[in-house]
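Coordinate-derived values only; no laboratory data. Worth saying up front: this structure is predicted, and the values here are computed from it rather than measured. Methodologically, a virtual Cβ is constructed for each residue, glycine included, from the backbone with ideal geometry; neighbour enumeration extends over all protein chains shown.
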Amino acid sequence: MTESGYTNTESGWRSVLRHDVPASLVVFLVAVPLSLGISVASGAPIAAGLVAAVVGGIVAGAMGGSVVQVSGPAAGLSLVVADLVQTYGWRATCMITLLAGLLQLLLGLVKVARAALAVSPAVVHGMLAGVGVAIALSQLHIVLGGQPQKSAVENLLELPSQIVNNHGHAVLVGVITIAVLLVWNRLPRLRAVPAPLAALLIGAAPAAALGWDVTRVDLTGGFSSLEGPVFPSGDWHAIMSSVLLVALLAAVESLLTCVASDRMHSGPRADLDRELTAQGAANLISGALGGLPVSGVVVRTTANARAGARSRWSTVLHGMWVLIFTLAFGWAITLIPMEALAALLLFIGIQMVNVGHVRNLRGHGEMPVYFVTMGGVVLVGLAEGVLVGLGLAALLSLRRLTWLSVQVRPDGDRWRLVVTGSLTFLGVPRLTEALRAIPAGAAVELDLHVDFMDNAAFEALHHWRLEHERAGGTIDIDELHDEWYSAAVRGTRMFPAKSPFRHDRWWLPWAYRSPGPRPGEILPMSEPAPAVVSPANGGEAVPDLLKGAQEFQRRTAPLVRPLLTRLARGQAPSHLFITCADSRIVPNIITASGPGDLFTLRNIGNLVPRHRAAPHDDSVMASIEYAVGVLGVRKITVCGHSGCGAMVALLGEIPPAPAEFDTGFPALRGWLRHGRHTLARFVATESTEDDAGPLDRLCRLNVIQQLENVRSHPRLDALVRSGTLELSGLYFDIGAASVHVLHEEGFTPVPTLRTG
């Protein structure tokens, strides 16, 4: 096991040499042009971006909590830095970066990193999209040979005149650079060289060869030209707000990138608190050395993961390569035209408006947050845009959390009121309006399906109930979720996060429903189940099917009607489910399936007569032929169960026939002849430690035998051999309420899916 958690036979250093060193070179080639471009966009010295790349690679890489995340100067912070440089100057901006790093370091030490994940991704993506638009608008002016304005709006307004008065050579360099960026990754043989590097080299080549009139990158003095930080002068509230803004924006971007990086590799998961601490240390050092703010960057992280990085050595080495290149070959950077860097930034800015994020947000109703945040960043400013986006996200979340549905309608000689959602003071007007629609003295069925009820809502509902009953009306209250109303009447406190969900009563046998145990309540094992009375034993009849149909029509039908309306056009089940007619086996419960999933065949003993078996029976094969031939079912499952009465009969324990069956059970005896192969298999099979006696073993062997009986039919066997048809066996232990997968060698329990 290597440092990154990958299992292989290579030693640690061999893995570094084989995987991390090549990956670090790829990231280095991506990082250099991006760092130069972000320096330009931030209005900082060119060397400041290289310092941030070196520190982000070496410091954040060595101390970080992610295996593949690469840190360095980020385009998402360029607008903030540019504003700070204009307001306080570059050296004061470095001090703000240093203080922001110190704040991040403290936040990481107190382990609050996961709190950053509470920020809506719609706000983050909207912020980055807004930054991308602003960068693209500003850099487009440089590509055209001019100078960017102070704001995105001014850049947009000045764009027509800039297009008219463009400088030809600058435009040519920009067009060449963008063209290379567009086509480079579509050339398979050239992908080894990163597109940003290739674009800058190809864009610079004709400018140098033909002596075009372009502006060159100024790296005079290299790292030595940078000066140390100084304390900003001005309003301390504004300064500390700037420190907080840089710290939080860099932290959120880093941590979200860190979470995303976990999806890019199979190594150990990221430690967010450690990563935040590393980001703080990197920003502290970068600010002290005169560098840009540092954060985790998606582009470089993705390049690192795709290049096969296995450990943090790749990130550290890429920082060392940037340092060595700048010290030894800094002169080469001065050959790059500023217009080429601007074109690179223009391309990156456009890419930051990610259409994929918009699609993902559309399904969750968060597109307004995305576009409002993006618009706020472009039109007003980054901090203001983010605050507006956060406010809108909070309002939408509050609206969802307080969503309430109130439906009232007459239902025969009664009135039916259904309240669903969170019943708070915000919903009291809607609730009272519905209550006023109910005539005085009417019989009312009130269904409360609420996950929260505050005091204002309770007071309104309870006062109406007392007044309605005083006027001669009746109210039947049924709480389908938590008992918020009942608890308030009793004076009991409810805890939203701890109160258990009350299951609806549909799955309980009739005898377990009211009167008797409360709906959804299971009797303790020590208590006998209530007797199911019938006219035969002198008691009252159990609720009949008509009562059950009424219950379905009242509660379940409104929920499933849209689904059944679609299914009415035709059925397309995925499984043919052959199981016993035993009343304790409910296929939809033990498979968690719904209408349209299972084509179910039930008979005594879940038997499948063999091909040309005697006595002749077509009923089972007719169902199989229809499922496979007409409905196109490609999976057949035979499900047996414990304590099967048919298997008891096979063991010779057929119950005596009552007087009205003076000839015994000829049809039952004839049907059970199809189980003789199961009995023969039982006799030939020895007992094992995992069975619970002869009957349990016979019930399990019966499933295996019926699967073999299915294959005795030539057409079905041919489908199985070709892989068109799949057979499987299940066994339901009634007493343990557990499902097992059966096969020739034995059985295995179906694993329980756990959440949280």
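With θ taken as phi - 60° and the Karplus curve 6.51 cos²θ - 1.76 cosθ + 1.60 applied, the whole-hertz 3J(HN,Hα) list for the stretch 133-143 is 4, 5, 5, 4, 5, 6, 6, 4, 5, 5, 4 Hz, x standing for glycine and proline.
A protection proxy built from the mean count of other Cβ atoms within 10 Å ranks the segments 409-417, 199-207, most packed first, as 199-207, 409-417. Placing pseudo-labels 7 Å out from each Cα toward the beta carbon at Ala581 and Phe552 gives an inter-label distance of 2.0 nm. Averaging the Cα positions of each part gives two centres, and for the stretch 364-409 and the stretch 142-210 these lie 36 Å apart. When semi-axes √(5λ) of the Cα gyration tensor in Å is computed from the coordinates, the matching label among (1) 68, 38, 24; (2) 62, 30, 22; (3) 56, 25, 22 is (1). For the stretch 278-328, the gyration tensor built on C-alpha atoms gives an oblate shape. Its axis ratio a/c (a ≥ b ≥ c) is at least 1.5, and a/b is not larger than b/c.
Each of the peptides 368-374, 699-705, 306-312 was scored by the mean count of other Cβ atoms within 10 Å over its residues; in descending order, highest first, they stand as 699-705, 368-374, 306-312. Helix-only arithmetic for the chain: the sum of -39500 (n - 2.57) across DSSP H runs with n ≥ 4, divided by the residue total, places the mean residue ellipticity at 222 nm at -15500 deg cm²/dmol. Beta bridges per DSSP, both residues in the chain: antiparallel share near 40 percent.
Taking amide H atoms as placed 1.01 Å from N in the peptide plane, the amide H of His641 lies under 5 Å from those of Phe732, each 5 or more residues away in sequence or on another chain. Couplings 3J(HN,Hα) for the stretch 289-306, derived from phi with the Karplus relation 6.51 cos²θ - 1.76 cosθ + 1.60 (θ = phi - 60°), are 8, x, x, 6, x, 10, 7, x, 10, 5, 4, 5, 5, 4, 4, 5, 5, 5 Hz, where x marks Gly and Pro. One Cα centroid belongs to the stretch 581-652, the other to the stretch 694-710; the line between them spans 13 Å. Residue-wise HN-Hα couplings along the stretch 320-326, as the Karplus relation 6.51 cos²θ - 1.76 cosθ + 1.60 with θ = phi - 60° gives them from phi, are 5, 5, 4, 5, 5, 4, 5 Hz; Gly and Pro carry x. From most to least packed by mean Cβ count within 10 Å, the peptides 587-599, 237-249 give 237-249, 587-599.
Taking amide H positions as modeled 1.01 Å from N, with prolines and chain starts lacking one, the residues under 5 Å from Ser66 and 5 or more places away or on another chain are Asp271. Restricting the stretch 162-263 to trypsin sites (Lys or Arg not before Pro) that sit in a DSSP loop and have at most 16 other Cβ atoms within 10 Å of their own Cβ leaves Arg191.
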